[in-house]
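See structure below.
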Amino acid sequence: MTTASEVLSSIQSAFPGAVIDSRVESDLRLWATIDSKKILDVCKHLSSKHSFDHYSGSAGVDWIARNEMEVVEIMASHGTHKVVAMLKVKTPRENPSVKSLTGLYWNASWYEREIWEMLGINFEGHPELYPLLLSDGLIGAWPWRKDFKGYPDLTTGERAVEITTPDGYTEYRFPPTPAEVEAGTVVVERPKYPTFQEREEMAITSDSEMIMHLGPQHAMVPGPFLLDVLVEGERVKKAFLDLGYIHKGIEKIMENRSWLQGITYTDRMCYVAALSNNECYCGAIENILGLEVPQRAQYIRVIVEELSRIQSHLIGTGEFLTLIAGVGFAPWQYMIMDREKIISLIESVTGARLTHSFVRFGGVRNDLPEGFAEQCKKVLPYMKSRTEEFIELFAQDPIYHARMENIGSISPETGKRMGCSGPVLRATGVAYDMRKEDPILVYPDLDFKVITGTRGDSADRIDVRLREILESIHIIEQCLDRIPSGPIKPEAKVPKKLPAGEAYYRVEDPRGEMGMYVISDGGANPYRVKVRGPFYATFQTLTPLLEGTYIADAVAIAGSMDGCPSESDR
Amino acid sequence: MDGIIEIITKFAAQEPAIFALIIGLIGAAVISGVVNVGAMLVIWGERKVLSDFCNRFGPNRVGGRWGILQLGADAIKLFTKEDIIPGDADKGVYVWAPIVASMATMLVAAAIPFGALHIGGRNIPLVVANMDISAFYVEAALSLMAIAVFMAGYSSNNKYSILGAFRGIARMIAYEVPMGVCVISVAVMAHSLNLVEIVESQTVWYAFAQPLGFAIFVIALITDLGRIPFDQSEAEEEIISGYNTEYSGIRWGLLYFQEYNNALLGSILLVLLFLGGWHGPIIPIPILDIISPLIWLFMKVVIVLWFFIWVRSSLFRLRIDQVTDFGWKWMLPLSLLNLGWAVLIGSYFA
């Protein structure tokens, strides 16, 4: 099995002098600072020689004290080995620019666009460096830089002024100088790029084509995002995706909150999977602190997270069914009813239905309530029989097969290349599950299968989700049998200020790979929190999948991704 | 009493045209009342039954726990809403579309027998216009709704609406043909195109005499009514609300109402053609024996409507290309097969 130190020595021998600085955290985590000129070659080397074929994402960090910026490329492998490599590239703060990895990894596009619009780091060779989450007017403000004064200015209370640029755009200047306000004619340096609407209009080639909006307010979308399809009759010729409608800037907000307060923000990223978001954040901080979680707390975490997975899959599947069957479709309501039972179980432990904030650094907030195991033993067998019934129901429905089979098919290779994860990737037949890849909590001790599909189409995605519910039930049953008694929190008090350090922690969210990259500079707040959301990654694959389908299929494909724009926008 | 009848017969003899007009107007008033009240009950029934299927309550506030006055409240709301016509709409067509839709359903209602009264050992049908080709006429008039749908979709000047209108027309063309062939098959067996005679000729229900034709007619009827799994022209998860996206207030209400009018009339047509119409054992109780055909018809229609709602709550929506494929490649050949069967059996028993 490849280990992190082997990967490091391989890089060092292939590219002498390319590794400026390195740290082997464990067998599975490699941190290395790479010479910015060599980064592309190093990545090529890793992907070809060490099968680092999973580009997990990238994070931009503004080190204002060192007057430099850093882009952290996070890479892993689809099952060949379990090493996660964090390759850092440094660039000066004035005109920051690094090489784009889009040529090597298709899905690097969105991550780099986000870093560009938030931090102003230019990516050389990126084919479409357009804003992703921010609106056009905010480009140029670089709001995630550490010297960004906010809107309104946090220090002076000044609000940004609205300025009309010479080319007719409305801009907001942060912060404006008095002279600029006086004059009102500031020449704003605005990056040149076509707007979303212009890009759409450029794609129209004939009079018989039109752009149709599916969103931001539409019965199809699970939350506000704009999916525009260029249609000719019923055929979708091209799709355009615009997100950021509910961009909350959670990553930036967390920099201004204490470590503990950050937990409540992770809840709000995806409210149907709040527990795995909690887990991800807390796990990263435990890594920085070197905290050992007591056994009982680990079991409790696994139980609630698997319960959360069940309810998330139920609502994901149920909502999707309404997209291809209408709201009068009865099984949808049955799923919601069954989900209610699971939610009640979670509520009895955490005290909340959706936003739990239950996981704590090194433990959990409270112990399981009295009689929880008995309650579970009543609900879980029922849930199991119901899920089997649902699987049977869809397997037998000819209309369901006609609508769902071979719709939005992803091949295993495409799935890997596009950076999908979770049920979407597993439906293609790739058994890639963070619970197996990263040995966190008590998952290595538990017996469970990684559910995979065969065709990677919409029907498979639903099928994988439903069968995962059965696996989750199996996991919870094992946990209930094995859970030891003991403490649920670490003995020592968790300090208010964390030691300086950084960690990347991955969990299997109901939607796929959820990763958080947390940096502590020794202060009472996180220096930087980067969230690698699973739906953000899956979302990116949507536009190429839709090309050439029918409008009705577009809905079936987009729905089967189990979308959560709240998480992808953060 | 005799005097009044005498005056009326005398008047009818002197002024046949005016008499026919007056009778027609009375009939029109009666059927529009019956059909519209019936459709309201259908809407209420659908909401309640669908809620039962989905384990919900449905309307349960206005008018007691059964929510029976909910529709009245909804109607008042629709009537008092602001009337919005989109600025870029084709105003004339836009305004007329709901009216054409209502007209289409009233044309159907005119020729459909709503039952019969059992008086003196024979059934007296309750029909306004008892024409010789009423089965054919009703079938033709039912498809007029598609024109209203297209008018609404085209005139709205909206992308979703026009797609809904296209889908509606494509679907109608694909399914009107097999539906018409099924009606012809029934007429061949009954040796008549008159609905009353078709009902009276059913010693064996045509659903049993030609099961294939019955199945095709049910599917085609669901398609014609635009209900799931054939509601592509309105598919709200794809094209918002399809052809009536831009409509609001009472104009939308009229379009919506006509769908349920059609559902009611279509169910009655199905019962008349295939399920023995008002046939059924006469209830041997005074007064009830007179209306017992009506009761049988009512019960059969309720079962048919319940079946439609059941279908809605349990089936997925087909894609429009699958719908037209199925219509042309399966429904039409099978309906022609059924026609051959009807000719064979019909001539054998004649």
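The values are calculated or read from the model by the stated rules, or taken from the named source; none is laboratory data. A quick note: this is a predicted structure, and the numbers were derived from the prediction, not measured. We place every Cβ from the backbone using ideal geometry, glycine too, and count neighbours over all the protein chains shown. To get the accessible areas, we keep the full protein, side chains included, count just its heavy atoms, and leave off ligands, DNA and RNA. Shrake-Rupley method; radii C 1.70, N 1.55, O 1.52, S 1.80 Å.
So here's what we get for this one:
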{"read-out": "Sum of side-chain charges, B:L225 neighbourhood, beta-carbon under 13 Å (Lys, Arg +1; Asp, Glu -1)", "value": "-3"}
{"read-out": "Net charge dipole size for the range A:439-495 [Lys, Arg +1 and Asp, Glu -1 on Cβ; Debye, nearest 20]", "value": "220"}
{"read-out": "At least 20 Å along the helix axis (C-alpha) and Kyte average at least -0.5, DSSP helices within chain A", "value": "A:274-289, A:295-325, A:330-350, A:372-396, A:458-482"}
{"read-out": "Semi-axes of the equivalent ellipsoid for the range A:250-569, Cα gyration tensor, largest first, Å", "value": "33, 23, 16"}
{"read-out": "Rounded accessible area of B:T80 (nearest 10 Å², 1.4 Å probe)", "value": "110"}
{"read-out": "Cα Rg over Rh - the range B:1-100, Kirkwood", "value": "1.20"}
{"read-out": "Label point distance in nm, A:E209-A:S385, each placed 7 Å from Cα along Cα→Cβ", "value": "5.5"}
{"read-out": "Gaussian network model of chain B, springs between alpha carbon atoms under 10 Å - residue of B:G92, B:G340, B:G226 with greatest fluctuation", "value": "B:G92"}
{"read-out": "Neighbour cut-off at most 10 other Cβ (10 Å), DSSP loop, trypsin sites (Lys or Arg not before Pro), the range B:1-65", "value": "B:R65"}
{"read-out": "Gain on full stretching of the segment that runs from B:I68 to B:I22 - 0.36 nm per residue minus C-alpha separation", "value": "13.1 nm"}
{"read-out": "Kirkwood-based shape ratio for the range B:12-55, expressed as Rg/Rh from alpha carbons", "value": "1.44"}
{"read-out": "Under 21 Å between alpha carbons - lysine pairs in chain B that sit 8 or more apart or on different chains", "value": "4"}
{"read-out": "In Å, descending, principal axis extents of the Cα set of the range A:4-133", "value": "36, 30, 22"}
{"read-out": "For the range A:250-569: relative contact order, % (alpha-carbon pairs under 8 angstrom, 6 or more apart)", "value": "27"}
{"read-out": "FRET efficiency, 1/(1 + (r/R0)^6) with R0 45 Å, evaluated for B:W310 and A:S51 via beta carbons", "value": "0.25"}
{"read-out": "Within the accessible area of chain A (1.4 Å probe), percent carbon and sulfur", "value": "51"}
{"read-out": "Set of lysines with alpha-carbon distance to A:K493 below 16 Å, sequence-local pairs under 8 removed", "value": "none"}
{"read-out": "17 Å Cα-Cα reach of A:K238 towards aspartates and glutamates, excluding residues that sit fewer than 8 places from it in its own chain", "value": "A:E128, A:E198, A:E200, A:E201, A:D207, A:E209, A:D228, A:E547, A:D553, B:E238"}
{"read-out": "Chain B, accessible surface, carbon-and-sulfur percent (1.4 angstrom probe)", "value": "73"}
{"read-out": "Calculated diffusion of the range B:152-204, Stokes-Einstein form, Kirkwood radius summed over Cα pairs, 20 °C and 1.002 mPa s, µm²/s", "value": "159"}
{"read-out": "Distance in nm between pseudo-label sites at A:S9 and B:F79 (7 Å out along the Cβ direction from Cα)", "value": "8.9"}
{"read-out": "Cross-link pairs A:K146/A:K496; A:K82/A:K416; A:K248/A:K449 - those with Cα-Cα distance over 27 Å", "value": "A:K248/A:K449"}
{"read-out": "Length gained when the stretch A:T414-A:K44 is fully extended (0.36 nm per residue, less Cα-Cα span)", "value": "131.4 nm"}
{"read-out": "For the pair A and B, total buried accessible area rounded to nearest 100 Å², probe 1.4 Å", "value": "2700"}
{"read-out": "Anchor A:K436: aspartates and glutamates whose Cα lies under 18 Å away (excluding residues fewer than 8 positions away in-chain)", "value": "A:D27, A:D53, A:E279, A:E305, A:E306, A:D445, A:D447, A:E468, A:E471, A:E508, A:D509, A:E513"}
{"read-out": "Those residues of the range B:274-319 for which accessible area with every protein chain present is at least 50 Å² below the isolated value (1.4 Å probe)", "value": "B:F316, B:R317, B:R319"}
{"read-out": "Dmax and Rg, reported as Rg then Dmax, of the range A:1-73 (C-alpha, Å)", "value": "12.6, 39"}
{"read-out": "Spread of Cα-to-Cα distances over 10 Å intervals beginning at zero, given as percent, for the range A:374-435", "value": "19, 28, 36, 16, 2"}
{"read-out": "Principal semi-axes in Å for the range B:113-255 [√(5λ), Cα gyration tensor, largest first]", "value": "35, 17, 12"}
{"read-out": "Per residue value of the accessible surface for the range A:235-357 (all protein chains in place, 1.4 Å probe), Å²", "value": "28"}
{"read-out": "The protein assembly as shown: radius of gyration over Cα atoms, expressed as a fraction of 2.2 N^0.38 Å", "value": "1.14"}
{"read-out": "Compactness of the range A:288-361 as Cα Rg over 2.2 N^0.38 Å, two decimals", "value": "1.39"}
{"read-out": "Share of alpha-carbon pairs per 10 Å distance bin for the range A:446-570, given as whole %", "value": "10, 26, 29, 23, 10, 2"}
{"read-out": "5 Å-binned pair-distance histogram of the range B:176-256 (Cα, whole percent)", "value": "3, 13, 17, 17, 12, 9, 10, 10, 7, 1"}
{"read-out": "Rg/Rh (Cα only; Kirkwood hydrodynamic radius) as it applies to the range B:83-349", "value": "1.00"}
{"read-out": "Filtered chymotrypsin sites (Phe, Trp or Tyr not before Pro), the range A:488-570: DSSP coil and at most 11 other beta carbons within 10 Å", "value": "none"}
{"read-out": "Net charge over other residues, Cβ less than 14 angstrom from the Cβ of A:D367 (K, R count +1; D, E count -1)", "value": "+4"}
{"read-out": "Whole-Hz ³J(HN,Hα) from phi, Karplus 6.51 cos²θ - 1.76 cosθ + 1.60, for the range B:94-103, glycine and proline x", "value": "4, 6, 7, 4, x, 5, 4, 4, 5, 4"}
{"read-out": "Mean shadow area of the range B:234-334, taken as a quarter of the surface of its Cα convex hull (nm²)", "value": "9.6"}
